[in-house]
Amino acid sequence: MSTVIIVGAQWGDEGKGKIVDILTPFADYVVRYQGGANAGHTIIIGEEKVVLHLIPSGILHEKVKCVIGNGVVLDPQVCLEEIALLKSKKYLKDDSQLAISLNAHIVMPYHKLIDKLREESSGAGKIGTTGRGIGPCYEDKAARLGLRVCDIIDEKRFIERLKMVLPHKSAYVEKLFNSPPLSFDEIAKSNIEFGRRLKKYACDSVGLLNAALVAKKNILFEGAQGTALDVDHGTYPYVTSSTTVASGACSGTGVGPKAIGHVLGIAKAYTTRVGNGPFPTELNDATGELLRSKGKEVGATTGRPRRCGWLDLELLRHSKMVNSITSIALTKLDVLSGFDKLSVCTGYKEGSEEPIYKELPGWDEDLTNLTNLKQIPNNARKYIDFIEDFLGTPVSILSVGPKRGNNMIMKNPF
Ligand code: IMP
C-alpha cells in the first residue's frame, strides 16, 4: 500500500492536474480533499483538452475510483455538468467510478451571491476570489449552518434544514447589501433535483477509503490551490478558505496522518498568482509579460491573466516545512528556455518583502521533446540542481510541456 499527497507548493496553478494524470496509472483511488469549483485542472490528452473543476482528474483512467472527500465544498450544478461532459467524451462509463462524501458541504446559490456582493463592495480590500462561493460555504460549515450531501439527497431533511438556514442568509444579503430576498422555493426546487441526480454517487467516503487502506490499495490525494493560499499558512487574508496544505488531506478525507507515505510538492519553475495579495517576485515588466505569454498563464477557472514572476525559493522552503514535502515535481521548465539569465529568490531583505536574487545562466534549447535527464542542457540541469540543493529535496518528476508524454519521472513516489 502507498499513499501520496499531491500538494501545490505555490499559489496554485502549478500543474497539479497533469502530475495527477501521470501518477494515476499507479493509483487505485484518486481523492479530492478540499476546495471546490474554484480549482481548474487542465489535462491535455492527444489533441483534446479537458478542464475539471471538481471531479478528480483521475476519472480519465477508467480503472481508478475517484472520491470527492468530506473536506470539499461541492457545487452540485458544476458537478452534474462535469459528469455530463465526461460521459459525452466516453469517460465515467461506470457510475461506481465516482464516490461523493455524504459529509461534503454543498455550495448553495446564496454562497455564490454573497461571494460576488462582498467582492463588489470591498474596493481596494478585494480578495479577487473566483466567485464560486467557496468562502461563504466554508463559513457556513464552521458556523454550523451548512447543508451537506446527506441533506441534499434527502428531500425532507433538506427542506427542514433550508427552513432553518435561509432566514439567516436572507437577512444577511438584504440588510447588508440591499439585495432582494432569497427565494426558498427556487432554491429548494433546483437543489432537490440536483440531489436526486447525485444520490447514486453519495457514500460514506471515510469508510470507503479506510477499507481501501486495509486492502493495501494505492491512494493519490489530489490537492487544489496551493500552500500560499492556505487559510492558515498562506498570505492571509489573500487566501482561499480551505486547508490546502498536506494535512488537509487527512481532515478532508478521514484518513489518519500515519497512513500518509509521501508528500509530492508541485512547483512551477517560476511563480504565478491569480487574485490579489502579496507576490514578492512578481515582474510587472516585459519579462513578466513574456512568462505569461510563453507559459499561457491564464486562469483555468476564471480566464483571468495570471500574475507572473521569478521562482521564489523562500516560498518553497516554507512550503516544504508546512507540508513535509518529500520530493518535488517541477513543472513548466520548458517555458524558461530562451532567457539569457534567470533569477531565483533565495530570501527577502530583512524586515521587508524585497527579494534577494541569485542569477543563474539561461539556456536556448527547447526542452519539450526531451525524455531523459541526460539530454537536458547543462544550464537547465544547473537550475534544477540549485533548487534541489537549496531545499534539500529531490526533484522526482520533471514536466517539460503540456502533453501527457512531456515529462520525466526520476523516482516514482508510489
Ligand atoms: P476563492 O478560493 O474563490 O475564495 O479565492 C480566494 C483566492 O484564491 C483568490 O486569490 C483566487 O484567485 C485564489 N484561487 C482560488 N482557487 C484557485 C486555483 O485553483 N488556482 C489559483 N488560485 C486560486
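The values are calculated or read from the model by the stated rules, or taken from the named source; none is laboratory data. From a predicted model like this one, the values you see are computed outputs, not experimental measurements. Here Cβ is always computed from backbone atoms with ideal geometry, including for glycine, and neighbour counts include all displayed protein chains. SASA here: full protein model, heavy atoms, side chains in, ligands and nucleic acids out. Shrake-Rupley method; radii C 1.70, N 1.55, O 1.52, S 1.80 Å.
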- Scanning region 109-161 for residues that are within 15 Å of the ligand (Cβ to nearest atom) and of a type in the set (A, V, I, L, M), which turns out surrounded by the most Cβ atoms within 10 Å (Cβ to Cβ)? I134
- Is there a residue being more than 16 Å from the ligand (Cβ to nearest atom), more than 18 Å from the chain's Cα centre (by Cα) and open to solvent by less than 10 Å² (accessible area, probe 1.4 Å) anywhere in region 262-280? no
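When the residues of region 335-349 are narrowed to those that are outside any strand (DSSP E or B) and open to solvent by 90 Å² or more (accessible area, probe 1.4 Å), which ends up nearest to K403 (Cα to Cα)?
The selected residue is D340.
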- Evaluate region 368-386: report whether one residue or more is at pLDDT below 95 and among the charged types (D, E, K, R). yes
- Item | Single residue of region 281-298 satisfying the filter (open to solvent by 10 Å² or more (accessible area, probe 1.4 Å) and in a loop (DSSP other than H, G, I, E, B)) that is farthest from the ligand (Cβ to nearest atom) | D285
- Taking into account only those residues within region 223-241 that are near the ligand (Cβ under 8 Å from one of its atoms) and in contact with a Phe, Trp or Tyr (Cβ under 7 Å, 6 or more places away or on another chain), which is most open to solvent (accessible area, probe 1.4 Å)? S241
- Qualifying positions in region 2-51 - at positive phi and not charged (D, E, K, R): G12, G15, G35, G46
- Could you please let me know if D95 is more than 20 Å from G252 (Cβ to Cβ), open to solvent by less than 50 Å² (accessible area, probe 1.4 Å) and touching a helix residue (DSSP H, G or I) at 6+ places or on another chain (Cβ under 8 Å)? yes
- strands (runs of 3 or more DSSP E) (entirely within region 350-414) containing at least 1 residues that are closer than 22 Å to I22 by Cα: 395-399, 407-409
